[in-house]
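**Q** Encoded as structure tokens, here's the structure I'll be asking about.
The values are calculated or read from the model by the stated rules, or taken from the named source; none is laboratory data. Please read these numbers as outputs of a predicted model, since none were measured by experiment. Here Cβ is always computed from backbone atoms with ideal geometry, including for glycine, and neighbour counts include all displayed protein chains. In case anyone asks, the SASA skips ligands and DNA or RNA and just uses the protein heavy atoms, side chains included. Shrake-Rupley method; radii C 1.70, N 1.55, O 1.52, S 1.80 Å.
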Amino acid sequence: MGASPTIYCLDNVTDYLQFERLCHDLMSLEGYKSIEPLGGFSDKGRDAIEMDTSNQTTIFAYSVREDRYVKLMEDSRKIHKYGHTCDKLVFITTAHFSASERDVAVNSIYDDFGWTLDLYGVERLRVLLDAKYPPVKLNHPQIF
């Protein structure tokens, strides 16, 4: 596989707050129209939330850490510990993961917490940024 400038930039993100903004923008474009950014630090596992018209609550958690599964579980435990309503968890990471790692994560979140997990790894982010929403990169020069 050839080198991807988008993946290179995502692999080297150092501005975490800007990465959160990028994720908020992408999720808004992906149909989460009433996403409410929370983020920053001490967010109790939630970088953003959304309650849709059917009162389903989606919580968003973002990570640039390589230990993506550890971070996913840390954020999930915080969400559970603080009693936040959650029907769906969207976890966005700059990490690479295999199909079997994805399956383990989806099943673990459902088995442990009863939530649906929508997982975005670096390849899925690349597709969004290069094929679906290329202009978004122009709004984030700190990353790209």
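**Q** Take the range 31-80 and flag every residue that is open to solvent by 80 Å² or more (accessible area, probe 1.4 Å) and not in a loop (DSSP other than H, G, I, E, B).
**A** Listed by number, the residues that qualify are 36, 51, 69, 77, 78, 80.
**Q** Only residues that are farther than 16 Å from residue 12 by Cβ and either open to solvent by 70 Å² or more (accessible area, probe 1.4 Å) or hydroxyl-bearing (Ser, Thr, Tyr) (or both): list them for the range 128-144, please. Spell out how you get there, then give the answer.
**A** Narrowing the range 128-144 to residues farther than 16 Å from residue 12 by Cβ: 128, 130-136, 138-139.
Matches in the range 128-144: 131, 132, 133, 135, 138, 139.
**Q** Given the conditions (1) in a strand (DSSP E or B); (2) on the phi > 0 side of the Ramachandran plot, which single one is not true for residue 83?
**A** Going through (1) in a strand (DSSP E or B); (2) on the phi > 0 side of the Ramachandran plot one by one, residue 83 breaks only (1).
**Q** Determine, yes or no, whether residue 81 is basic (Lys, Arg) and in contact with a Lys or Arg (Cβ under 7 Å, 6 or more places away or on another chain). Before the answer, list the steps.
**A** On the way: basic (Lys, Arg): yes; in contact with a Lys or Arg (Cβ under 7 Å, 6 or more places away or on another chain): no.
No: the conditions fail for residue 81.
**Q** From the list 29, 72, 38, which one is modelled with pLDDT of 95 or more, of a type outside the set (D, E, K, R) and closer than 26 Å to residue 135 by Cα? Give the derivation first.
**A** Working: 72 fails: closer than 26 Å to residue 135 by Cα; 38 fails: modelled with pLDDT of 95 or more.
Step by step, each of 29, 72, 38 is checked, and only 29 is modelled with pLDDT of 95 or more, of a type outside the set (D, E, K, R) and closer than 26 Å to residue 135 by Cα.
**Q** Any residue in the range 86-102 that's open to solvent by 10 Å² or more (accessible area, probe 1.4 Å): show its pairings with residues that are assigned to a loop (DSSP other than H, G, I, E, B) and at pLDDT 95 or above at Cβ separation under 6 Å, as long as the two are six or more apart or on different chains.
**A** Going by the 6 Å Cβ cut-off, the qualifying pairs are 86/115; 87/56; 97/121.
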